[in-house]
Structures are given as structure tokens and as C-alpha cells.
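Enquirer: I have a structure here, written as C-alpha cells, and I will follow up with some questions on it.
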Amino acid sequence: NNTPPAPPVDTGAVASEVPGIATTLDGRTLTVAARDETQLPVAPLTTSLSSRDWLVGGTFTGTTTGSVAGGTLDVGYQIGCGVEMDKVKLNGGLTGVLGNTNFGGAGVILPPSLAVQALGQIEVAPRPGTVTNVSVTKKAFKGTSARVTLRDIHVKVDNCVGASSLRSYAILTSSTADDDDIVAYYGATKVF
């Protein structure tokens with residue numbers, strides 16, 4: 001049997017990047033990380049060629065050492081679009097109306113017919129791409145750690161006609177009575 005093996009099924013698995021780690025001025029250590037990330041492109045419900053849709057997931061954690069008053073863990077995705085469509089406009093007009101009267105048999109006059117000539121042009125106004133932040137959840141916590149697990153979450157963007165890319169982010173804010181310290185994690189970029 002010389003049949004080549006079928007290509008592996010894309011599960012959307014994405015390798016997580018190194019954790020974001022910061023040491024605060026008062027000696028605390030903040031760590032934000034991810035594991036078990038998935039990013040799978042799926043057909044958009046709109047079926048539009050300018051829409052992008054992904055099924056995403058992962059586990060995101062934020063921890064801090066020392067005495068804190070809690071904080072937040074903001075988890076989401078950044079969507080990059082190479083070219084966006086600012087507007088699509090149809091310009092057109094009538095160039096002429098032609099009419100005639102038709103005579104049927106036995107001297108019967110039929111309703112006149114009209115012919116219309118139309119001229120049309122589509123005007124497309126692309127613009128440079130943008131990066132859109134889509135926050136999925138912002139978890140407030142009172143202790144020294146927080147975890148957010150996402151499973152089969154749809155992330156969608158419209159008006160994107162160029163190549164698109166996606167990466168996760170998690171931003172940990174650790175609060176004391178007088179200070180906020182912030183560290184971020186950015187996942188691997190996957191281009192679709």
C-alpha cells in the first residue's frame with residue numbers, strides 16, 4: 001500500500017511563551033503565565049470573506065508574593081489585521097432611457113417598453129491594518145493569586161481582508177494599600 005498518511009488534524013494547540021515576571025520596588029515578585037493554549041480558525045457565521053473567527057482556549061494564572069490587597073487578572077486576545085476595509089461604495093447612474101411603442105396584430109397597441117442603461121463603479125477604500133484588543137474576562141481577586149481557564153471561546157473580527165494574526169494576553173495587576181504593580185504576558189502569534 002503506497003497511500004501516503006493523512007495529514008494530522010489541526011487541534012489548534014499553541015505553545016505558550018515564557019511567563020511575564022516582575023519584581024516590585026518593595027521586593028514582591030509578580031508572575032503571569034499561560035498553559036494549554038489553543039487557537040483554531042473556524043468559518044465565521046456571517047460567511048463573509050472579510051470576517052475572521054477563532055475558537056480559543058487556555059489557562060492563565062497570575063501570582064504575587066508578599067502582602068497584597070488583591071488585584072485583577074485581565075485575559076484576552078489581540079487580533080492583527082493586515083488590511084481593513086474602511087468603506088465599500090457603489091457609484092452609478094443612468095446613462096439613458098429608451099422607449100418605444102409596440103403594435104400587436106389587428107391594430108392593438110401594446111404597453112410601451114423602456115430600456116435603461118446603467119453605469120456602475122465600485123469604490124473600495126482600504127486602510128492600513130490595525131490591532132484590536134478583545135478582553136474576554138477581567139477577574140478581580142483578594143488574595144495572592146488568580147486563575148482564568150477558557151474553553152471553546154469564539155473571538156471574531158470583521159472588515160479584515162488582509163492576512164490576520166492572533167495572540168493571547170494576560171495582564172496581572174497586583175495592588176497594595178498605596179500601589180499598583182502591573183506585568184503582562186503575551187502568547188505566541190499565530191498567522192492565519
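The values are calculated or read from the model by the stated rules, or taken from the named source; none is laboratory data. Source: prediction; values computed, not measured. Backbone-built Cβ (ideal geometry, glycine too); neighbour counts: all protein chains shown. With ligands, DNA and RNA removed, areas are computed over all heavy atoms of the protein, side chains included. Shrake-Rupley method; radii C 1.70, N 1.55, O 1.52, S 1.80 Å.
Enquirer: Just order 4-12, 171-179 by mean Cβ neighbour count inside 10 Å, highest at the front, would you? Don't jump to the answer; show the numbers that get you there.
Expert: On the way: 4-12: 7.6, 171-179: 17.8.
For the peptides 4-12, 171-179, the packing ranking is 171-179, 4-12.
Enquirer: Roughly what would the spin-label model give for PHE192 and THR3, points 7 Å off Cα along C-beta, in nm?
Expert: Spacing of the two 7 Å Cα→Cβ label points: 3.1 nm.
Enquirer: Students sometimes get this wrong: rank PHE141, PHE192, PHE60 by accessible area, probe 1.4 Å, all chains present, largest first. Show your work: numbers first, answer last.
Expert: Details: PHE141 25, PHE192 70, PHE60 0 Å².
Result of the area sort, largest leading: PHE192, PHE141, PHE60.
Enquirer: Top to bottom by accessible area (1.4 Å), largest first, where do SER164, SER145 land?
Expert: SER145, SER164
Enquirer: With the cut-off at 1.5 for a/c, could you classify segment 137-178 from its C-alpha gyration tensor as rounded, prolate or oblate? Show your work: numbers first, answer last.
Expert: On the way: a/c = 3.79, a/b = 2.39, b/c = 1.59.
It comes out prolate by the Cα gyration axes.
Enquirer: Determine which residues of segment 32-55 fall in the zone a paramagnetic label at SER145 would reach in this model, i.e. backbone nitrogen under 17 Å from the point 7 Å along Cα→Cβ.
Expert: 32-36
Enquirer: Could you give the nm distance between label points at HIS154 and VAL18, where each point is 7 Å from its Cα heading toward the beta carbon?
Expert: Result for the modelled spin labels: 3.8 nm.
Enquirer: Still on this structure: Can you send over the solvent-accessible area of ARG28, 1.4 Å probe, protein chains only, in Å² to the nearest 10?
Expert: Counting only protein heavy atoms, ARG28 exposes about 10 Å² to solvent.
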